[in-house]
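Participant: Have a look at this one before I ask anything.
The values are calculated or read from the model by the stated rules, or taken from the named source; none is laboratory data. Just so it is clear, the structure is predicted and the values come from calculations on it, not from any experiment. We place every Cβ from the backbone using ideal geometry, glycine too, and count neighbours over all the protein chains shown.
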Amino acid sequence: MDLGISGKRALVCASSKGLGLGCAEALAAEGGDLVMNARGAEALEASAQAIRDTYGVDVVTVACDVTTPEGQAMVLKAAEGVDILVNNAGGPPPGMWTDWEREDFIKALDSNMLTPIAFIKALVPGMMERGWGRVVNITSQAVRAPIPVLGLSNSARTGLTGYVAGTSRQVASKGVTINNLLPGLHATDRAVSLDTASAKQQGITIEEARAQRCAAIPVGRYGTRQEFGAACAFLCSQHAGFIVGQNVLLDGGAINLTM
Ligand code: NAP
């Protein structure tokens, strides 16, 4: 299927690795030019060069922390006039509800709620003026089924979800769609760190912890960044113009829900 986005320009935040990289690769495969971002310059440039070599698209890199005002200003300078925005950042650490103080919540809100909102506010007006745009926010399955040890993530991502529910309906008439992609377990560095924490807590090996977690997924394995990226590219496509304000769960069936 031709997604009809060849020549469009996309900002993909936090995209040197993992799910962000999957989205960047899938958009590039459709002929989209990219602005890619991550804090670590070396991995970012390596991923960008691999995309340039494979897909022949234009890729600009901005190495900075996207959750800071300074980082956001650097990214926005490079991403002026983009047609597609994929919001992403690292997830907050796991912990206990008794441990989290105001500063921990502020940090989580900055990363996973206020940064995507800042990019939406900066870039969506231009998309509306041009009559076309796509925004995809990477959130989490925790929005549908909160994970107790990820209370900081549950809180921040639910806040973003509420904002998107209203905003997406306010901009849709101008050809701009905003949707959220909710990853379940995917085989990325983030999954390795969660497997490691689970193994340590239970006194088992990482392989045993991973097997335990896979057993709870009807598909029987973690998702891949390529599968995730393909779903993102579809939401960014010409065909997805009637999909507005949705929370699309990609979890291999792990959460037993009808809606
Ligand atoms: P990952 O494999 O650890 O990759 C994270 C990417 O984001 C890296 O490129 C990292 O590069 C970049 N990054 C992190 N913090 C950043 C920041 N402040 N500014 C700029 N770039 C930043 O993580 P992932 O698995 O792809 O997860 C992506 C998001 O999905 C996270 O919010 C995660 O919590 C959520 N999620 C993941 C899963 C899963 O199973 N993988 C499940 C549910 C939710 P640098 O470190 O160099 O900055």
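Participant: Return yes or no: is Ser198 in contact (Cβ under 8 Å) with a residue 40 or more places away in the chain and surrounded by 15 or more Cβ atoms within 10 Å (Cβ to Cβ)? Quick ask: steps written out before the conclusion?
Facilitator: On the way: in contact (Cβ under 8 Å) with a residue 40 or more places away in the chain: no; surrounded by 15 or more Cβ atoms within 10 Å (Cβ to Cβ): yes.
The answer is no for Ser198.
Participant: Turning to a different aspect of this structure: Quick check on segment 201-230: of everything there that is within 26 Å of Ala14 (Cα to Cα) and more than 13 Å from the ligand (Cβ to nearest atom), which residue is surrounded by the most Cβ atoms within 10 Å (Cβ to Cβ)?
Facilitator: Ala230
Participant: Which residue pairs have Cβ atoms under 9 Å apart, sit 6 or more places apart or on different chains, and have a first residue in segment 120-133 that is in contact (Cβ under 8 Å) with a residue 40 or more places away in the chain and a second that is surrounded by 17 or more Cβ atoms within 10 Å (Cβ to Cβ) and of a type in the set (Lys, Arg)?
Facilitator: Short answer, once both residue conditions are applied: Met127/Arg134; Trp132/Lys8.
Participant: Helices (runs of 4 or more DSSP H) wholly in segment 1-78 with at least 3 residues that are more than 15 Å from the ligand (Cβ to nearest atom) and either at pLDDT 95 or above or of a type outside the set (Gly, Ala, Ser) (or both) - which ones?
Facilitator: By residue number, 18-29, 41-55.
Participant: Evaluate segment 176-197: report whether one residue or more is away from the ligand (no atom under 13 Å from the Cβ), in contact with a helix residue (DSSP H, G or I) (Cβ under 9 Å, 6 or more places away or on another chain), at pLDDT 95 or above and polar (S, T, N, Q).
Facilitator: Within segment 176-197 (the criterion being away from the ligand (no atom under 13 Å from the Cβ), in contact with a helix residue (DSSP H, G or I) (Cβ under 9 Å, 6 or more places away or on another chain), at pLDDT 95 or above and polar (S, T, N, Q)), the answer is yes, since at least one residue qualifies.
Participant: Ok, one more. Please go through segment 1-30 and give me each residue that is farther than 19 Å from Val176 by Cα and without any contact (Cβ under 8 Å) to a residue 40 or more places away in the chain, ordered by number.
Facilitator: Within segment 1-30, Asp2, Ser16, Ala28 qualify.
Participant: Picking from Val219, Val244, which residue would you name as being assigned to a loop (DSSP other than H, G, I, E, B), of a type in the set (A, V, I, L, M, F, W, C) and touching a Ser or Thr at 6+ places or on another chain (Cβ under 6 Å)?
Facilitator: Residue meeting the stated conditions: Val244.
Participant: Checking the condition within 13 Å of the ligand (Cβ to nearest atom), more than 17 Å from Ala10 (Cα to Cα) and touching a residue at least 40 places away in the same chain (Cβ under 8 Å), which residue from Val136, Val149 passes? Give the steps one after another, and end with the answer.
Facilitator: On the way: Val136 fails: more than 17 Å from Ala10 (Cα to Cα).
From the options Val136, Val149, the qualifying one is Val149.
Participant: Okay, next question. When you scan segment 159-169, do you find a residue that is modelled with pLDDT under 95, within 16 Å of the ligand (Cβ to nearest atom) and either closer than 19 Å to Leu19 by Cα or buried (at least 16 other Cβ atoms within 10 Å of the Cβ) (or both), even just one?
Facilitator: Checking segment 159-169: not a single residue is modelled with pLDDT under 95, within 16 Å of the ligand (Cβ to nearest atom) and either closer than 19 Å to Leu19 by Cα or buried (at least 16 other Cβ atoms within 10 Å of the Cβ) (or both).
Participant: For residues that are more than 16 Å from the ligand (Cβ to nearest atom) and either surrounded by fewer than 18 Cβ atoms within 10 Å (Cβ to Cβ) or of a type in the set (A, V, I, L, M) (or both), tally how many sit in segment 80-94.
Facilitator: Result for segment 80-94: 4.
Participant: Further, regarding this structure: Does segment 122-141 contain any residue that is out of contact with any helix residue (DSSP H, G or I) (no Cβ under 9 Å at 6 or more places or on another chain), buried (at least 16 other Cβ atoms within 10 Å of the Cβ) and assigned to a helix (DSSP H, G or I)?
Facilitator: Among the residues of segment 122-141, at least one is out of contact with any helix residue (DSSP H, G or I) (no Cβ under 9 Å at 6 or more places or on another chain), buried (at least 16 other Cβ atoms within 10 Å of the Cβ) and assigned to a helix (DSSP H, G or I), which makes the answer yes.
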